[in-house]
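K.L.:
This is the structure, below, for whatever I ask next.
The values are calculated or read from the model by the stated rules, or taken from the named source; none is laboratory data. All values reported here derive from a predicted model rather than from experimental measurement. Glycine gets a Cβ as well: all are built from the backbone with ideal geometry, and neighbour counts include every protein chain shown.
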């Protein structure tokens, strides 16, 4: 230990050391943007403000109270465009673009841009390519794409020859938006403009905007989970405005979506690759664990474990169809490890692992008891030409869709995030009602009793899970059996 | 009483000629005024079919159908004030007539719209060169109140050193991007899509 001969020397030492110490702190807070401040604050951009204060006072007021304004980042720093860009427009003497793409944000926020560009979020549009013809074209109409699908999944923004953006594709802040500059994603999907507040993006409401409804019922799941309840009652203790937001250091009252899926906790770096820590696919007819393939250019994709994991250095198709060179593969186990490590800030290892087991068990139960048998029956009906190839022209197809897409998703998401109601009453209980009460009777109706029974025997009742259907003598009074008879009271 | 003595060379014939010449001159100026007036009307301009195509979006615009009923016709915006300037503008504008007769088939909406951007750029430059003089025939910057509270302030403070055309283009005719960001490729594709042409057909038509 350093010994100081007098207080004077101690003060001198402190005077010398404190500036260094402060320096370290400021650097660690500002490490997100490593560029020098001389890279922004364009002179011409300062002129925008006087007029926009009058023309769009709300927008300008939002920006004025933002960290951007505080750091001297003005309108033009983000909206500046090059003449050759296809969405460039002339505006009051400057060449700008209406859309600030992730690539534009990435001029300063390099790390975040690379992480989102590689993430499943940025591919949200390509992920639903197979669903759009059935759901948008057949069941509704193209009008629903702009108002529905693309709101969350993103539009492919079209620029007309006259420089305008087509109203079918813009305005749009869907997270998988394909921008005129070719980049994918939209930062303002979560970071609402023009304040870009940290607190706003960290609040679950930022995610819930899209993670709601049957396809991703996470708003209801979170709200009815213990974690969500804690957040609701402790919102003011969440320190949401803090520069850094490390679990256990800057906050502890409750975990939010950010905490587990992308947030920093001791030993775990924050990442804008939301989805990186997900080991299961939970939005498919049958769930599968998935490898995360990392390409050498930073792009990433999920690959179900039923497909062989590619070796380092081999070529694999990316989600956009291009070929990429594999740099690394993160196994579901590794992904789970990272996710589970977050739990350890508040829970014991045994607690965390126990919970994960409960979650995995539900997913596997869903898969084995309902997901796989129902899928096998559907496949057989298509093969036997008892169903036309067109989706949603037969009642059974709606029943099956509700089974895995609506109720099945709720059950699995409910179990993933500890909502007893979603996991059971609105989830697996409805899966089960659907399966036994609608799906199987409709299969019999469609295939005829003989063929229907054969199909059901092959894919359903032969399984241990459904063996109770062969033992129909077990009484239970909850549906009225034996009520009023003395022997059953 | 002082008696004015005419110089000797002012003979009766000279006086007569001067009088005829003067009257003819006045007549000519009056003719020019009437001529400029007549040739500035929508009716006259649209006698060429190519101009009818340009007039269609105009008839949908607020300059054609303002709440006040004060309609700006072609010449109100595109022909300068004053008989000499107006005549000169008409003289220069004669090239449009020349092109109508000898140029590409502007009467075809496709050809017309393919060539429109260059015409728009030229027209914008014309306004810029004149400091938006023809706009100011009707519009007084300080008197622009609009419908929102700050419209007047924006014009008085932020647009203080600007003339109308610098901000207000694409008001009346088919929308054309600013010359600096104009992309011929994208424009041609848009026209092809609009008129159901095959990709690349616009480029061929433009070369003809």
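K.L.:
Quick check on this structure: which one of A:87, A:104 is in contact (Cβ under 8 Å) with a residue 24 or more places away in the chain, within 19 Å of residue A:172 (Cα to Cα) and within 14 Å of chain B (Cβ to nearest Cβ)?
P.N.:
Checking each option against the conditions leaves just A:87.
K.L.:
A further question follows. Please find, among A:87, A:82, the residue that is within 30 Å of residue B:176 (Cβ to Cβ), within 30 Å of the chain's Cα centre (by Cα) and modelled with pLDDT of 95 or more.
P.N.:
After applying the criteria, what remains is A:87.
K.L.:
Do you know which residues across segment B:172-194 are part of a helix (DSSP H, G or I), at the interface with chain A (Cβ under 8 Å from one of its Cβ atoms) and in contact (Cβ under 8 Å) with a residue 12 or more places away in the chain?
P.N.:
B:187, B:188, B:189, B:191
K.L.:
So, in segment A:38-49, of the ones that are in contact with a strand residue (DSSP E or B) (Cβ under 9 Å, 6 or more places away or on another chain) and more than 14 Å from chain B (Cβ to nearest Cβ), which residue ends up surrounded by the fewest Cβ atoms within 10 Å (Cβ to Cβ)?
P.N.:
So, considering only residues that are in contact with a strand residue (DSSP E or B) (Cβ under 9 Å, 6 or more places away or on another chain) and more than 14 Å from chain B (Cβ to nearest Cβ), the one surrounded by the fewest Cβ atoms within 10 Å (Cβ to Cβ) is A:42.
K.L.:
Additional query: Which of the residues that make up segment B:195-204 are without any contact (Cβ under 8 Å) to a residue 12 or more places away in the chain and on the phi < 0 side of the Ramachandran plot?
P.N.:
Across segment B:195-204, the qualifying residues are B:198, B:199, B:201, B:204.
K.L.:
Looking at (1) outside any loop (DSSP other than H, G, I, E, B); (2) without any contact (Cβ under 8 Å) to a residue 60 or more places away in the chain; (3) surrounded by 19 or more Cβ atoms within 10 Å (Cβ to Cβ); (4) within 13 Å of chain A (Cβ to nearest Cβ), find the lone condition where residue B:128 falls short.
P.N.:
Among (1) outside any loop (DSSP other than H, G, I, E, B); (2) without any contact (Cβ under 8 Å) to a residue 60 or more places away in the chain; (3) surrounded by 19 or more Cβ atoms within 10 Å (Cβ to Cβ); (4) within 13 Å of chain A (Cβ to nearest Cβ), residue B:128 violates only (3).
K.L.:
Here are the criteria: (1) surrounded by 15 or more Cβ atoms within 10 Å (Cβ to Cβ); (2) farther than 23 Å from residue B:128 by Cα; (3) without any contact (Cβ under 8 Å) to a residue 40 or more places away in the chain. Tell me which single one residue B:50 does not satisfy.
P.N.:
Going through the list (1) surrounded by 15 or more Cβ atoms within 10 Å (Cβ to Cβ); (2) farther than 23 Å from residue B:128 by Cα; (3) without any contact (Cβ under 8 Å) to a residue 40 or more places away in the chain, residue B:50 breaks only (3).
K.L.:
Tell me whether segment B:109-118 contains one or more residues that are away from every other protein chain (no Cβ under 14 Å), out of contact with any helix residue (DSSP H, G or I) (no Cβ under 8 Å at 6 or more places or on another chain) and either closer than 23 Å to residue A:96 by Cα or in a helix (DSSP H, G or I) (or both).
P.N.:
Yes, the conditions are met somewhere in segment B:109-118.
K.L.:
Moving to a separate point now. Could you please let me know if residue B:102 is surrounded by fewer than 18 Cβ atoms within 10 Å (Cβ to Cβ) and within 23 Å of the chain's Cα centre (by Cα)?
P.N.:
Taking the combined requirement at face value, the residue satisfies it.
K.L.:
What is the one condition in (1) more than 30 Å from residue A:82 (Cβ to Cβ); (2) surrounded by fewer than 18 Cβ atoms within 10 Å (Cβ to Cβ); (3) free of Cβ contacts under 8 Å to residues at least 40 places away in the same chain that residue A:171 does not satisfy?
P.N.:
Evaluating residue A:171 over (1) more than 30 Å from residue A:82 (Cβ to Cβ); (2) surrounded by fewer than 18 Cβ atoms within 10 Å (Cβ to Cβ); (3) free of Cβ contacts under 8 Å to residues at least 40 places away in the same chain leaves (1) as the failure.
K.L.:
Looking at residue A:128 and the list (1) within 14 Å of chain B (Cβ to nearest Cβ); (2) surrounded by fewer than 22 Cβ atoms within 10 Å (Cβ to Cβ); (3) touching a helix residue (DSSP H, G or I) at 6+ places or on another chain (Cβ under 9 Å), which single condition is not satisfied?
P.N.:
Answer for residue A:128: the failing condition is (1).
K.L.:
So residue B:143 clears everything in (1) farther than 29 Å from residue B:202 by Cβ; (2) loosely packed, with under 13 Cβ neighbours inside 10 Å; (3) at pLDDT 95 or above except one condition, right? Which one?
P.N.:
(3) is the only condition that residue B:143 fails.
K.L.:
Another question about this same structure. Can you tell me which residue within segment A:50-84, out of those that are in contact (Cβ under 8 Å) with a residue 40 or more places away in the chain and either within 13 Å of residue A:196 (Cβ to Cβ) or assigned to a loop (DSSP other than H, G, I, E, B) (or both), is farthest from the other protein chains (Cβ to nearest Cβ)?
P.N.:
A:67
K.L.:
Among the residues of segment A:283-299, is any closer than 22 Å to residue A:270 by Cβ, surrounded by fewer than 15 Cβ atoms within 10 Å (Cβ to Cβ) and in contact with a helix residue (DSSP H, G or I) (Cβ under 8 Å, 6 or more places away or on another chain)?
P.N.:
yes
K.L.:
If you don't mind, another one. Can you work out which of the residues in segment B:146-158 that are within 10 Å of another protein chain (Cβ to nearest Cβ) and in a loop (DSSP other than H, G, I, E, B) is surrounded by the most Cβ atoms within 10 Å (Cβ to Cβ)?
P.N.:
This residue is B:150.
K.L.:
Are any residues in segment A:408-420 in contact with a helix residue (DSSP H, G or I) (Cβ under 7 Å, 6 or more places away or on another chain) and either closer than 20 Å to residue A:353 by Cα or surrounded by fewer than 24 Cβ atoms within 10 Å (Cβ to Cβ) (or both), and if so, which ones?
P.N.:
Within segment A:408-420, A:411, A:412, A:413, A:414, A:415, A:416, A:417, A:418, A:419 meet the criteria.
K.L.:
Would you kindly identify the helices (runs of 4 or more DSSP H) lying entirely within segment A:323-418 that contain at least 3 residues that are under 21 Å from the mean Cα position of the chain (by Cα) and farther than 28 Å from residue A:268 by Cβ? First the steps, then the outcome.
P.N.:
Numbers: elements: A:332-343, A:349-365, A:372-383, A:395-401, A:408-416.
Per the criteria, A:408-416.
K.L.:
Against the condition more than 9 Å from chain A (Cβ to nearest Cβ), under 26 Å from the mean Cα position of the chain (by Cα) and surrounded by fewer than 16 Cβ atoms within 10 Å (Cβ to Cβ), how does residue B:161 come out, does it pass?
P.N.:
Against the criterion (more than 9 Å from chain A (Cβ to nearest Cβ), under 26 Å from the mean Cα position of the chain (by Cα) and surrounded by fewer than 16 Cβ atoms within 10 Å (Cβ to Cβ)), residue B:161 qualifies.
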